[in-house]
Amino acid sequence: MDTKKDGRIPQCGILPKIDKNKVIAGAKQLRKAIAKGTVKYVCLAKNADPAITEPLAQQCKAQGITCIWVSSMQELGNACGIDVGAAAAAVID
């Protein structure tokens with residue numbers, strides 16, 4: 001599981017501040033965290049495969065979790081402090 005303590009914010013300023021928060025990246029880990037109820041909010045990449053992001057968006061809606069759509073997977077990966085793009089990420093408790 002990709003878990004980072006210190007996320008970085010891209011220069012565009014679109015993403016909310018996720019530094020000093022515990023962040024998870026990846027659809028599989030995100031589904032588990034949503035089911036556990038530990039997610040504060042979710043970020044999904046607009047250019048990711050809808051087969052990945054749409055079920056997550058629906059799960060968030062059903063749980064009452066805020067979904068933030070960002071422009072690219074690379075931007076989301078950078079915000080999470082990882083070197084690859086991410087389709088989905090979340091700040092957890």
> Hey, among the residues in the range 56-86 that are open to solvent by 20 Å² or more (accessible area, probe 1.4 Å) and in contact with a helix residue (DSSP H, G or I) (Cβ under 8 Å, 6 or more places away or on another chain), which one's farthest from Gly26 (Cα to Cα)?
Replying inline: Gln63
> Within the range 55-72, is even one residue touching an Asp or Glu at 6+ places or on another chain (Cβ under 9 Å) and at pLDDT 90 or above?
Replying inline: no
> Could you give every pair whose Cβ atoms fall below 6 Å, whose first residue belongs to the range 56-72 and is in contact (Cβ under 8 Å) with a residue 60 or more places away in the chain, and whose second residue is open to solvent by 40 Å² or more (accessible area, probe 1.4 Å) and hydrophobic (A, V, I, L, M, F, W, C), counting only separations of at least 6 or pairs across chains?
Replying inline: none
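How many of the residues making up the range 35-54 are under 11 Å from the mean Cα position of the chain (by Cα) and crowded, with 17+ Cβ neighbours inside 10 Å?
Start the filter on the range 35-54 by keeping residues that are under 11 Å from the mean Cα position of the chain (by Cα), which leaves 39-45, 53.
Next, only the ones that are crowded, with 17+ Cβ neighbours inside 10 Å stay: 39, 42-45, 53.
Result for the range 35-54: 6.
The values are calculated or read from the model by the stated rules, or taken from the named source; none is laboratory data. Please read these numbers as outputs of a predicted model, since none were measured by experiment. Glycine also receives a Cβ, built like all others from the backbone with ideal geometry; neighbour counts cover every protein chain displayed. Surface areas here come from the heavy atoms of the whole protein model, side chains and all, with no ligands, DNA or RNA. Shrake-Rupley method; radii C 1.70, N 1.55, O 1.52, S 1.80 Å.
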